[in-house]
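The values are calculated or read from the model by the stated rules, or taken from the named source; none is laboratory data. Note that the structure is predicted; figures quoted are calculated from it, not measured. Every residue, glycine as well, gets a Cβ built from its backbone with ideal geometry; the counts of neighbours run over all protein chains shown. Accessible surface is based on the protein model in full, side chains and every heavy atom, while ligands, DNA and RNA are left aside. Shrake-Rupley method; radii C 1.70, N 1.55, O 1.52, S 1.80 Å.
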Amino acid sequence: MKYLRSIKSKLYFSFFIFLLIAVSLAVLNLWLNEQRNDIEQTILKLHQLQNSIQTIQQVEKDFLTDEVINADFYTEENSNIEKRLDHSVKAVFRDIAALKNDYYTQSNTYESNLSLLENNILQYERRLSVLFKTHKEKGFENYGLIGEMRRYIHTIEEAQTEGSMVTILLIRRHEKDFFLRKEDKYIDRLLQEVKNLELLLKASNLSKTQETSLLTYLHNYKQVFKSVVALNRKIGINRSMGIRAEIIQVRKTIDKQMVQLSTKIQLQTDQERSIVIYSFLLFTAILLSIGIYWIYRVTIAFGKPIKVLSQNIQEAIQHNFEGVYFPVQESDDELGQLSRDFHTMQCRIQESLADVKNHSNNITQQNNLLLDSLRYGNAIQAAMLPKRSSLLRHFKDSFVIYRPQQLVSGDFYWMIKRKQRLFVAVVDCTGHGVPGAFMSMIGMTLLNKIISQRKIFNPAQVLEVLDHEVKEALQQHEKDSFADGMDIALCMLEQREENSTKYELTFAGAKRPVLLRKNNQVVEIKGSNRAIGGHIKRKTPKPFVNHQLTLSKKDRIYLFTDGYADQNNHERKKIGRVALYELIHKTCWMDFNTQKERLELFLEKHQGEEKQRDDITILGVELE
């Protein structure tokens, strides 16, 4: 470990060890997969050979069941069944050649087994070819020797000599019985009837020429029949005789060889698979042991000094770095340097703690003063808002949802009565918190001044004057001034006559609407598309407009800022103006306490754990 004194060099060397182990495991895994693939390929080749041999056996079966009664077989020089046999044998030889070249079957033992299998396949093919040729020579119905034999007997039958028809029918019957039952007694019976037919022909009143001709046909029939009998015996009267017996014997030999070959290859591949797996597990265990041993060595090398260093740090933390001095570890590596640096840091921290505490105390005091000021400002702002008792003196019922984003709010609702005119407004000032609260104080003061002192009672004119006064108060004619302002929905209610149930509503809005529940429906009246305050523009803005309606007893008025509609959920989706209007429409027939609960519940459910985005104000009143 002479050259591994630093932590960096030790870590580099450890990384190299683990990299070497990882590469070795990867190479072992590739080798294992390659060996598995080779084994699978060997087994696949064996299965392919088995399938090819079964194809030849299927050719034999198809020939004996279908092709021997197929007319095309006897008319074509190279029939479809013969082509199939040739193709199947070639496939078997290709599969045997593939096995000979396989990694696991290249030994002399497999070479001799596969060569013997090739010879037997060749014998199998030859026997099947002889079988095909013999059957083609024998014929069927109108083809081959059977066809020739039947033509002879049909010619004799057509002569219709006296007394011969019974004998001919017996000959045809014995012929059929022989082909069906394959018994020699039917041969003797047929030949005896042939003799009888010969005597009948000689005893008939036929001309000499006709007699000679019919006897020649009968003689030819007998000779061809004997040839067919000979071919039948060559093919095999049953499975234990003739070519069929030879084919069965060769097939059994091939099946036996395939079983032996399959068993032998399966045993070898199983052994090879076990050797591969055991080798992989052994090398893996060796590499893991090396890795575990090196981890142990690294842990011993780093663990003890790190543990001491950690204990000293924990002790210093528990005492808040006061009264405890960090002992220095004497070592040449990075841990020793870290120990010395931490000792220096602790000394400097202790020197700075006193200053930090002093500054922290000052900040705490200033924060407490600021919070006290904000709480006092909140109390002042709350005192300037209309009380519920004031609202109930002028309306049958009312509710207010007033939720500042911070301690003080940029939203406010306002009410004042002058003579027979009752003014109600909800105002949304620019910003929230302290800046919004200052704007709200300006807005309240100016509204009271305009109506109480200047005695301007026209809502549209009130907004025009309010716009002018805000711009003057904030000096918004200057270039560097703030563009602060406010949105407002202002209503003026006048009772037509004393104790009357009819009210004249005059509404003017600056970017804020009013909702009315009137005549069993909810109606929206939009305000002007113009805000109060802001930078003075060259183009003269459109004047604010009054909207006048007649309201009745139990009609409701809803005024609100945009804070409720703009509140988002965790998916950043806002409630939206449409959803707010639908909610008010669904709940406007409830009493105000229930309606307020529904609005607050919907807001809290939508908001969830998200922070409040803006000040929220909703005011609802019902006329007496």
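Starting from the range 229-253, take each residue that is closer than 21 Å to Leu116 by Cα and list its partners that are among the acidic types (Asp, Glu) and modelled with pLDDT of 85 or more, counting only C-beta distances under 8 angstrom and pairs at least six apart or across chains.
Pairs found: none.
Filtering the range 426-462 down to residues that are of a type in the set (A, V, I, L, M, F, W, C) and touching a Pro at 6+ places or on another chain (Cβ under 9 Å), which residue is farthest from Tyr503 (Cα to Cα)?
Ala437
Any chance you could count how many residues in the range 449-467 are surrounded by 14 or more Cβ atoms within 10 Å (Cβ to Cβ), in a helix (DSSP H, G or I) and over 60 Å from the mean Cα position of the chain (by Cα)?
Count: 10.
Just the residues that are of a type in the set (A, V, I, L, M), open to solvent by less than 60 Å² (accessible area, probe 1.4 Å) and closer than 23 Å to Asn568 by Cβ, please, taken from the range 401-421.
Once the filter is applied, which keeps residues that are of a type in the set (A, V, I, L, M), open to solvent by less than 60 Å² (accessible area, probe 1.4 Å) and closer than 23 Å to Asn568 by Cβ, the range 401-421 yields Ile401, Val408.
Hey, does the range 180-188 have a residue that's of a type in the set (Lys, Arg), in contact with a helix residue (DSSP H, G or I) (Cβ under 8 Å, 6 or more places away or on another chain), assigned to a helix (DSSP H, G or I) and surrounded by fewer than 18 Cβ atoms within 10 Å (Cβ to Cβ)?
No: the range 180-188 contains no residue that is of a type in the set (Lys, Arg), in contact with a helix residue (DSSP H, G or I) (Cβ under 8 Å, 6 or more places away or on another chain), assigned to a helix (DSSP H, G or I) and surrounded by fewer than 18 Cβ atoms within 10 Å (Cβ to Cβ).
Report yes if some residue within the range 493-509 is open to solvent by less than 10 Å² (accessible area, probe 1.4 Å), under 19 Å from Pro386 (Cβ atoms) and in contact with a helix residue (DSSP H, G or I) (Cβ under 6 Å, 6 or more places away or on another chain); otherwise report no.
no
What pairs can you find where one residue is in the range 597-624 and under 30 Å from Thr550 (Cα atoms), the other is exposed (fewer than 15 other Cβ atoms within 10 Å of the Cβ) and aliphatic (A, V, I, L, M), and their Cβ atoms are less than 8 Å apart, with a gap of 6+ or different chains?
Cβ pairs passing all conditions: Arg598/Met590.
Take the range 130-173 and flag every residue that is in a helix (DSSP H, G or I) and open to solvent by less than 20 Å² (accessible area, probe 1.4 Å).
Leu131, Phe132, Thr134, Ile146, Gly147, Met149, Ile153, Ile156, Thr167, Ile168, Ile171
Mind listing whichever residues of the range 592-603 are open to solvent by less than 80 Å² (accessible area, probe 1.4 Å) and farther than 15 Å from Leu619 by Cβ?
Let us first name the residues in the range 592-603 that are open to solvent by less than 80 Å² (accessible area, probe 1.4 Å), namely 592, 594-596, 599-600, 603.
Answer for the range 592-603, where residues must be open to solvent by less than 80 Å² (accessible area, probe 1.4 Å) and farther than 15 Å from Leu619 by Cβ: Thr594, Leu603.
May I ask you to list the residues in the range 517-535 that are exposed (fewer than 14 other Cβ atoms within 10 Å of the Cβ) and β-branched (Val, Ile, Thr)?
Val523
Which residue out of Ile618, Ile584, Ile557, Ile575 is over 26 Å from Asn519 (Cα atoms), under 55 Å from the mean Cα position of the chain (by Cα) and open to solvent by less than 70 Å² (accessible area, probe 1.4 Å)?
Selected residue: Ile575, the only one of Ile618, Ile584, Ile557, Ile575 that is over 26 Å from Asn519 (Cα atoms), under 55 Å from the mean Cα position of the chain (by Cα) and open to solvent by less than 70 Å² (accessible area, probe 1.4 Å).
When you scan the range 7-109 for helices (runs of 4 or more DSSP H) that lie fully inside it, which ones turn up with 3 or more residues that are at pLDDT below 85, touching a Phe, Trp or Tyr at 6+ places or on another chain (Cβ under 8 Å) and open to solvent by less than 30 Å² (accessible area, probe 1.4 Å)?
7-65, 80-100
Identify, please: which residue in the range 468-492 is over 18 Å from Val426 (Cα atoms), small (Gly, Ala, Ser) and not in a helix (DSSP H, G or I) and is, among those, least open to solvent (accessible area, probe 1.4 Å)?
The selected residue is Ser481.
Can you tell me which of Ile21, Ile56, Ile43, Ile39 is in contact with a helix residue (DSSP H, G or I) (Cβ under 7 Å, 6 or more places away or on another chain), farther than 27 Å from Gln266 by Cβ, of a type outside the set (Ser, Thr, Tyr) and in contact (Cβ under 8 Å) with a residue 60 or more places away in the chain?
Going through Ile21, Ile56, Ile43, Ile39 in turn, the sole match is Ile21.
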